[in-house]
Amino acid sequence: SAVISQKPSRDICQRGTSLTIQCQVDSQVTMMFWYRQQPGQSLTLIATANQGSEATYESGFVIDKFPISRPNLTFSTLTVSNMSPEDSSIYLCSVMALSYNEQFFGPGTRLTVL
Amino acid sequence: GNSVTQMEGPVTLSEEAFLTINCTYTATGYPSLFWYVQYPGEGLQLLLKATKADDKGSNKGFEATYRKETTSFHLEKGSVQVSDSAVYFCALSSGNTPLVFGKGTRLSVIA
């Protein structure tokens with residue numbers, strides 16, 4: 001299995017500011033993803049983080065709002081830019097290695113925007 | 001594209017009752033199917049999975065069978081406990097694509 005850590009675990013931010021969330025995996029993985037879970041809702045895929053190239057965004061999500069980096073096989077960041085209260089959610093990092101045939105999830109970052 | 005439809009909640013059951021949470025899917029090819037559970041205040045955990053037709057996934061007394069003919073993966077447990085109270089998500093993945101989740105079903109078990 002893969003052990004994933006995220007920082008910060010939670011934060012309260014002011015409208016108009018930005019927050020960068022870090023995701024660290026304990027082993028090299030093939031694929032890394034970022035999901036959003038709005039209050040009381042299911043998980044929605046934001047993007048696939050690609051090593052050394054631009055992330056692949058899902059419909060409804062754009063790079064200017066959610067810039068993503070993945071400098072190596074074990075680390076990625078997601079930035080939530082110019083935040084508004086509608087961005088209040090749990091943001092989850094997820095990884096998949098072909099050898100596992102399974103996706104693992106980090107503990108999530110609970111973001112509240114005032 | 002791929003999608004998952006699961007039973008709307010919330011579901012409230014008495015302890016030792018039988019549980020069924022329905023899940024159907026639409027997918028190209030032959031997806032793998034999963035049930036994830038999210039306990040109050042905790043992260044998402046894999047509960048069980050099945051990777052091909054007629055496979056049965058099982059864990060902690062929960063079971064689900066991959067039914068290709070009905071495109072279903074219903075979650076069942078014969079006797080629920082208070083500790084099973086959580087939100088349950090059905091999900092699928094085709095090949096190396098990321099998981100697509102259903103909306104989730106909140107289960108409350110009362111003593």
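The values are calculated or read from the model by the stated rules, or taken from the named source; none is laboratory data. Please read these numbers as outputs of a predicted model, since none were measured by experiment. Here the Cβ positions follow ideal geometry from the backbone for every residue, glycine too, while neighbour counts run over all protein chains shown. Accessible surface areas use protein heavy atoms only, side chains included; no ligands, DNA or RNA. Shrake-Rupley method; radii C 1.70, N 1.55, O 1.52, S 1.80 Å.
Which one of these is touching a Ser or Thr at 6+ places or on another chain (Cβ under 8 Å) and more than 9 Å from every other protein chain (Cβ to nearest Cβ): B:G61, B:G102?
Values: B:G102 fails: more than 9 Å from every other protein chain (Cβ to nearest Cβ).
Every option except B:G61 fails the conditions.
Yes or no: A:F33 under 11 Å from the mean Cα position of the chain (by Cα), outside any strand (DSSP E or B) and not aliphatic (A, V, I, L, M)? Explain how you work it out, then say what you get.
Working: under 11 Å from the mean Cα position of the chain (by Cα): yes; outside any strand (DSSP E or B): no; not aliphatic (A, V, I, L, M): yes.
Answer is no for this residue.
In the range B:9-22, is there at least one residue being under 27 Å from A:A2 (Cα atoms) and of a type in the set (A, V, I, L, M, F, W, C)?
Taking every residue of the range B:9-22 in turn, none turns out to be under 27 Å from A:A2 (Cα atoms) and of a type in the set (A, V, I, L, M, F, W, C).
Condition first: free of Cβ contacts under 8 Å to residues at least 24 places away in the same chain and more than 12 Å from chain B (Cβ to nearest Cβ). Now tell me which residues in the range A:4-54 satisfy that.
A:N50, A:Q51, A:G52, A:S53, A:E54
Within the range A:59-85, how many residues are within 28 Å of B:A86 (Cα to Cα) and open to solvent by 40 Å² or more (accessible area, probe 1.4 Å)?
Adding up the residues that qualify gives 1.
Search the range B:78-92 for residues being within 15 Å of the chain's Cα centre (by Cα) and β-branched (V, I, T), and hand back the single one that is most open to solvent (accessible area, probe 1.4 Å).
B:V87
What's the total number of residues in the range B:28-43 that are open to solvent by less than 80 Å² (accessible area, probe 1.4 Å) and over 14 Å from B:S93 (Cβ atoms)? I'd like the intermediate steps shown before the answer.
Initially, the range B:28-43 is screened for residues open to solvent by less than 80 Å² (accessible area, probe 1.4 Å), giving B:29, B:31-39, B:43.
Restricting the remaining residues to those that are over 14 Å from B:S93 (Cβ atoms) gives B:37-39, B:43.
Here the count works out to 4.
Going by what's in this entry, would B:T65 be described as touching an Asp or Glu at 6+ places or on another chain (Cβ under 9 Å), of a type in the set (V, I, T) and over 30 Å from A:S89 (Cβ atoms)?
Against the criterion (touching an Asp or Glu at 6+ places or on another chain (Cβ under 9 Å), of a type in the set (V, I, T) and over 30 Å from A:S89 (Cβ atoms)), B:T65 qualifies.
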